[in-house]
1. Stretch ALA173-GLU192 to full length: gain in nm at 0.36 nm per residue minus the Cα-Cα span?
2. Give me the 1.4 Å probe accessible area per residue for the chain, excluding ligands and nucleic acids, in Å².
3. Quick one: of LYS44/LYS164; LYS22/LYS44; LYS7/LYS44; LYS7/LYS151, which pairs are farther than 23 Å apart, Cα to Cα?
4. Place a point 7 Å from Cα of THR96 in the direction of its Cβ. Which residues in region 140-169 have their backbone N less than 15 Å from it?
5. By how many nm would the segment from SER212 to ASN139 grow when fully extended, if each residue of separation counts as 0.36 nm and the alpha-carbon distance is taken off?
6. Can you give the helix-only mean residue ellipticity at 222 nm for the chain, where every DSSP H stretch with n ≥ 4 adds -39500 (n - 2.57) and the sum goes over all residues, rounded to the nearest 500 deg cm²/dmol?
7. Where both residues lie in the chain, what percent of DSSP beta bridges are antiparallel, nearest 5?
8. Could you tell me the extents of the chain's C-alpha atoms along the three principal axes, largest first, rounded to whole Å?
Amino acid sequence: MAEPVLKISGVAKSYGANQVLKDINLEVGAQEIVGLLGPNGCGKSTLLNLSSGFARADAGSIIFGGHDITAWGVERIAQAGLVRTFQLPSMPHRMTVAEVLRAADSRGVQFKTMFAPDRSSMQEVDALLEGLSLSHVRNLPAGSLSGGQKKLLSIALALRTNPKLICLDEPTAGVHPNLRHSMVQLLRRVSERGIALLIVEHDMHFIRELCSRCVVLDRGEVIANCVPASLTSNERVVEAYLGSARDKGAIA
Ligand SMILES: Nc1ncnc2c1ncn2[C@@H]1O[C@H](COP(=O)(O)OP(=O)(O)O)[C@@H](O)[C@H]1O
Ligand SMILES: [Mg+2]
């Protein structure tokens, strides 16, 4: 692989006596789509938090775009081109969807006041909304959207920051099947634009459709790093993760 856009080496994180991540090594190549899987509570969201500056690793290093970002804060990391979305995104109630999108700037997590939005950004916002099948909610308060629409909007917000890598935390959880299809198409287009994706997701169909590689965590460790098609024949993965997912009907 060419120089990866993200390289996580020997990362560890504890909360009190709870050692969440032990010795994590993970790479994401430029333009790659990597799935991050594992049972609930295994540390997937924590790893996204460490990578995006929402929490600080106890040990190890995180290199992004050639910079050591291990100790950087959220805004600096977003400016460098790494942004994340959340499992349960919250949106402002007083701004419309279009206003929220227009106000998102390259600081990634900030909204700037926008007395005079320029025409190019309005056109970009309209194109984004159209691509997300969200044009009909353009003028509604962002906070009034459904959970699934908020997730799509949070991806659009991430795109407005001109990222090199987007980390997505369970993008399809709670999302209506119609929007799920829009989400797959959107993420394909995002990837075609040269943006790498690291996706935490339980929906194996979604993973198989999108990801070229999967990293599976269990009890704070990487237990597999393989193509999606190899997951079902990996005994450790089946035992730690897919067995319960299969019981719940999440995979065939
Ligand atoms: N801010 C925090 N403070 C204390 N414990 C936390 C915090 N964030 C996560 N944890 C703990 O870390 C473990 C992994 O959580 P998380 O990364 O959310 O798992 P996952 O996303 O894989 O379901 C859990 O035991 C959780 O309680
Ligand atoms: Mg999580």
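The values are calculated or read from the model by the stated rules, or taken from the named source; none is laboratory data. The structure displayed is predicted, hence computed values, not measured ones. We place every Cβ from the backbone using ideal geometry, glycine too, and count neighbours over all the protein chains shown. Each accessible area value is taken on the protein alone, full model and side chains, heavy atoms only, with ligands, DNA and RNA left out. Shrake-Rupley method; radii C 1.70, N 1.55, O 1.52, S 1.80 Å.
1. 4.5 nm
2. Ligands and nucleic acids excluded, the result is 46 Å² per residue.
3. Pairs exceeding the cut-off: LYS7/LYS151.
4. Taking a point 7 Å out along Cα→Cβ of THR96, the residues of region 140-169 whose backbone N falls under 15 Å are 140-145.
5. 22.6 nm
6. Taking each H run of at least 4 residues, the total per residue is -9000 deg cm²/dmol.
7. Antiparallel bridges: around 55 percent, rounded to the nearest 5.
8. That works out to 55, 40, 37 Å along the principal axes.
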